Amino acid sequence: MRRSRTGEPSELDLLAIACLAPSLLYILVMFVYPFLYGIYLSVHPLKVDGFSLANYIAFFTDQYQYKTVGITFRLAVPNTIVVVAISLLFAYNMRRGIWLERTITTILVLPISLGVILLSQGILGFYGGKGWFNQLILGLGLLEEPLILTHNFTGVMLSLFMQQFPFCFLMLLGYISGIDPSIENSARTLGANPWTVFRRIMLPLIAPGLAIAFALVFVMSFATFPSAIMLGQPSGSTRTIAIAAYAQAFEMFDMPYASAIAVIMGLFQLAGLLLILLMRKRMVTAATMGVGKR
Amino acid sequence: MKEPTCETIDSLRFRITKRFGAKTVLQDFALEVRGKQFITFLGPSGCGKSTALNIIAGLIPATAGEVWIDGERIDHLPPEKREFGMVFQNYALFPHMTVFANIAFGLQLQRRPEAEIAERVQQMLELVQLLGYEGRYPGQLSGGQQQRIAIARALVLCPRLMLLDEPLSNLDAKLRIEMRAEIKRLHTSLGLTSIYVTHDQVEALSLSDWVVVMREGLLIQAGTPQEIHDQPVNIFVADFMGFRNFFPTQVVSVGPDRDVEAAGNGMKIRGKTRHPFAPGASVVAAIRPNDVMVGGDAASPNAFRAKVDIVEYLGREDEVIVTMETGGRLWVQTAVRLAPGENVTVVLPPDRVIFLPPEGYGGKE
């Protein structure tokens with residue numbers, strides 16, 4: 001039975017609302033309330049009575065704190081670009097299926113199932129100063145000194161890449177392999193070489209999926225916390241904004257200040273998302289020479 | 001505006017084998033045809049006809065074999081270097097481009113001047129009767145319009161060989177007949193060489209100069225539509241061409257012009273064959289439902305007494321199933337109005353009865 005969207009509510013709608021109620025309640029209690037409470041808390045600092053933006057002002061006037069924004073961007077932006085680019089490379093070349101596809105996909109996806117902590121421990125062990133990677137390099141005489149790949153910026157990048165690549169790759173693979181192969185086949189018969197097919201036909205068609213991939217990976221990278229602590233220098237070069245919030249909450253026990261930092265972090269993530277969606281729109285427009293349906 | 005004609009090929013020759021893993025999709029599928037013809041690959045789904053077309057286009061590699069055009073071997077060329085046009089079943093228009101950009105795509109890749117591109121796109125739109133649609137997107141067009149744009153997009157480059165992969169299968173019956181005529185018109189007026197893949201024998205017969213019937217990766221029969229229609233080589237092709245009645249018999253005698261007299265299952269039957277049968281050979285007599293005559297002289301050759309079982313109304317004619325007194329069932333299409341239970345005489349005109357080898361499959365045995 002189909003009704004117009006402007007129709008009067010019927011029993012069916014009430015039933016639908018009733019069925020949705022438990023999940024709505026869950027979202028309200030578990031997400032909306034804490035979220036709003038966090039915002040409320042952030043504008044009610046410990047040392048002030050009533051409404052005040054003191055926490056926000058404190059964050060942006062304290063170099064130790066506002067530097068975390070820059071650090072987080074310096075991690076998240078390159079990481080997002082690298083993850084999406086490499087995922088796109090793999091997914092695009094695997095779009096028609098390849099030899100041993102299932103095995104290769106399993107290997108690529110395995111890190112998802114391991115969890116961040118185990119993954120980070122593994123990276124510490126393997127890439128650490130005394131890890132196999134460095135022992136191999138030193139053993140082969142390729143380098144005199146071990147490569148410092150952990151407890152610094154590189155370590156966090158490595159860890160983020162390994163966590164996020166499988167997600168991003170799987171998502172793009174699903175998106176790209178859903179595009180009708182006869183579209184690129186027809187482009188080939190019309191005289192387009194594989195690169196032109198990618199640039200003129202496939203890239204514009206993949207763009208919406210690519211934008212989602214950029215958005216998700218960026219948000220995940222921006223919120224990085226365990227990797228930055230375990231594989232980075234949590235008090236120095238990889239002190240991300242999430243660490244700053246954590247420190248305020250559980251080391252300084254200043255919940256309102258921590259909430260303010262969390263809100264600031266959320267706003268930057270939102271700004272990043274908007275920028276990505278804006279770029280996507282421009283990209284599609286440029287490729288289609290005019291905006292229309294689809 | 002004068003309709004342009006295209007430079008086309010003089011000859012196409014290929015022999016291809018294709019295996020996917022252990023499965024052989026095409027086994028030594030070979031053909032040699034002259035240019036300016038309309039060639040159809042006809043067969044049921046899974047017979048390898050589309051695979052063959054894709055190999056000719058260069059979109060999938062053959063496991064073994066060669067493709068030659070005008071004495072030049074082209075199977076090593078990538079599809080973009082072959083200068084063929086291809087039309088797909090699901091249109092395959094670029095959804096993010098306007099109609100104009102779709103048709104102009106190939107010309108832009110050739111770096112033609114803007115003015116020439118605009119003129120040729122207009123010419124094509126006129127040719128496929130979609131002038132004024134250049135600003136639309138594929139999603140805003142009907143299936144028939146999309147397919148016309150897809151055809152225009154291929155034709156604007158004047159392909160030396162036009163490949164059409166079941167282009168009408170997604171259209172409704174009425175549109176299919178219209179588009180069929182349009183494809184034939186474009187083929188003739190532009191002087192193209194076309195290869196057309198279909199599972200629809202009516203499309204194959206009405207469009208083609210040369211029909212290639214395929215089954216399970218083998219070429220079963222190749223010939224003019226008349227040959228395929230009137231003289232199928234075996235039961236498979238006969239069945240595909242609308243023969244519905246098959247009677248196993250033995251050859252009694254073979255006369256001049258391959259007139260055959262055969263007997264079996266209590267019936268004596270005369271007809272023609274293209275095979276060199278010897279007396280005593282097991283053969284199958286075949287006739288189309290609409291070639292059977294109802295009424296007539298019960299003493300004439302190939303006349304049988306029969307009883308009407310089922311009558312289905314088809315408009316001008318009825319489809320009737322009768323049981324012959326010899327016990328065999330016979331499908332008949334006739335304008336004579338019959339009623340179930342009625343006794344009739346049916347005549348199988350000897351020039352309409354053909355004799356085929358008992359196994360219809362495999363083609364080359």
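The values are calculated or read from the model by the stated rules, or taken from the named source; none is laboratory data. Quantities reported herein were computed from a predicted structural model and do not represent experimental measurements. Here Cβ is always computed from backbone atoms with ideal geometry, including for glycine, and neighbour counts include all displayed protein chains.
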Just need a number here: residues in the stretch A:12-23 that are under 29 Å from the mean Cα position of the chain (by Cα) and surrounded by 12 or more Cβ atoms within 10 Å (Cβ to Cβ).
0
What residue, among those in the stretch A:162-186 that are assigned to a helix (DSSP H, G or I) and over 26 Å from A:Val217 (Cβ atoms), is farthest from the other protein chains (Cβ to nearest Cβ)?
A:Pro181
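Just the residues that are assigned to a loop (DSSP other than H, G, I, E, B), within 14 Å of another protein chain (Cβ to nearest Cβ) and either closer than 27 Å to B:Phe236 by Cβ or out of contact with any Lys or Arg (no Cβ under 6 Å at 6 or more places or on another chain) (or both), please, taken from the stretch B:29-68. If you could, list the steps in order and put the result at the bottom.
Within the stretch B:29-68, the subset assigned to a loop (DSSP other than H, G, I, E, B) is B:35-37, B:43-48, B:58-63.
Within this subset, residues satisfying the condition of being within 14 Å of another protein chain (Cβ to nearest Cβ) are B:58-61.
B:Leu59, B:Ile60, B:Pro61, listed by residue number.
Look at A:Met283 and say whether it is within 14 Å of chain B (Cβ to nearest Cβ) and either modelled with pLDDT under 95 or in a helix (DSSP H, G or I) (or both). Step through it out loud before you land on a result.
Working: within 14 Å of chain B (Cβ to nearest Cβ): yes; either modelled with pLDDT under 95 or in a helix (DSSP H, G or I) (or both): yes.
Yes; evaluated as a whole, the condition is true for this residue.
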What is the one condition in (1) under 20 Å from A:Met230 (Cβ atoms); (2) assigned to a helix (DSSP H, G or I); (3) at pLDDT below 85 that A:Gly129 does not satisfy?
(2)
For the subset of the stretch B:156-170 comprising residues that are hydrophobic (A, V, I, L, M, F, W, C) and under 22 Å from the mean Cα position of the chain (by Cα), which member is nearest to the other protein chains (Cβ to nearest Cβ)?
B:Leu163
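Return yes when B:Val332 is under 25 Å from the mean Cα position of the chain (by Cα), at pLDDT 90 or above and assigned to a strand (DSSP E or B) and no when it is not. Talk me through it step by step, then tell me what you get.
On the way: under 25 Å from the mean Cα position of the chain (by Cα): yes; at pLDDT 90 or above: yes; assigned to a strand (DSSP E or B): yes.
Judged against the criteria, B:Val332 is a match.
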Just one of the numbered conditions (1) surrounded by 21 or more Cβ atoms within 10 Å (Cβ to Cβ); (2) more than 10 Å from chain A (Cβ to nearest Cβ) is not true of B:Gln122; which one?
(1)
Within the stretch B:69-79, does at least one residue satisfy the condition of being part of a strand (DSSP E or B) and surrounded by fewer than 23 Cβ atoms within 10 Å (Cβ to Cβ)?
yes
Can you report the number of residues in the stretch A:60-100 which are in contact with a helix residue (DSSP H, G or I) (Cβ under 9 Å, 6 or more places away or on another chain) and outside any helix (DSSP H, G or I)?
5
It is to be established whether one or more residues within the stretch A:231-240 are buried (at least 23 other Cβ atoms within 10 Å of the Cβ) and hydrophobic (A, V, I, L, M, F, W, C).
yes
Can you tell which of B:Arg288, B:Arg215 is crowded, with 18+ Cβ neighbours inside 10 Å, in the same structural domain as B:Phe20 (by TED's automatic domain parsing) and touching a helix residue (DSSP H, G or I) at 6+ places or on another chain (Cβ under 9 Å)?
B:Arg215
Filter result (acidic (Asp, Glu) and either under 24 Å from the mean Cα position of the chain (by Cα) or surrounded by fewer than 18 Cβ atoms within 10 Å (Cβ to Cβ) (or both)) within the stretch A:241-287:
A:Glu251
List the number of the failed condition for B:Ser194; all other conditions in (1) more than 20 Å from B:Cys6 (Cβ to Cβ); (2) of a type in the set (S, T, N, Q); (3) surrounded by 23 or more Cβ atoms within 10 Å (Cβ to Cβ) hold.
(1)
Of the conditions (1) touching a strand residue (DSSP E or B) at 6+ places or on another chain (Cβ under 8 Å); (2) more than 30 Å from B:Gln145 (Cβ to Cβ); (3) of a type outside the set (Phe, Trp, Tyr); (4) within 11 Å of chain A (Cβ to nearest Cβ), B:Pro78 clears all except one; give me its number.
(1)
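The rows are residues; the columns are (1) hydroxyl-bearing (Ser, Thr, Tyr); (2) more than 15 Å from B:Ile151 (Cβ to Cβ); (3) within 13 Å of chain A (Cβ to nearest Cβ).
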site: B:Gly71; (1), (2), (3): no, yes, no
site: B:Phe84; (1), (2), (3): no, no, yes
site: B:Asn90; (1), (2), (3): no, no, yes
site: B:Pro95; (1), (2), (3): no, yes, yes
site: B:Leu107; (1), (2), (3): no, yes, yes
site: B:Pro113; (1), (2), (3): no, yes, no
site: B:Ala118; (1), (2), (3): no, yes, no
Looking at the structure I just gave you, is B:Ala30 of a type in the set (Gly, Ala, Ser) and crowded, with 23+ Cβ neighbours inside 10 Å?
no
Of the residues that sit in the stretch A:78-131 and are among the charged types (D, E, K, R) and in contact (Cβ under 8 Å) with a residue 60 or more places away in the chain, which one is surrounded by the fewest Cβ atoms within 10 Å (Cβ to Cβ)?
A:Arg96
Being away from chain B (no Cβ under 14 Å), surrounded by 20 or more Cβ atoms within 10 Å (Cβ to Cβ), in a helix (DSSP H, G or I) and not hydrophobic (A, V, I, L, M, F, W, C) is the filter here; which residues of the stretch A:187-230 pass it?
A:Ser221, A:Ser227
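Which count do you get for residues in the stretch B:5-28 that are charged (D, E, K, R) and in contact with a Lys or Arg (Cβ under 9 Å, 6 or more places away or on another chain)?
Taking the stretch B:5-28 as the starting set, the residues that turn out to be charged (D, E, K, R) are B:7, B:10, B:13, B:15, B:18-19, B:23, B:28.
Checking which are in contact with a Lys or Arg (Cβ under 9 Å, 6 or more places away or on another chain) leaves us with B:7, B:10, B:28.
Of the residues in that region, 3 qualify.
So which of B:Gln146, B:Gln140 is of a type outside the set (Ser, Thr, Tyr) and more than 8 Å from chain A (Cβ to nearest Cβ)?
Details: B:Gln140 fails: more than 8 Å from chain A (Cβ to nearest Cβ).
Among B:Gln146, B:Gln140, only B:Gln146 is of a type outside the set (Ser, Thr, Tyr) and more than 8 Å from chain A (Cβ to nearest Cβ).
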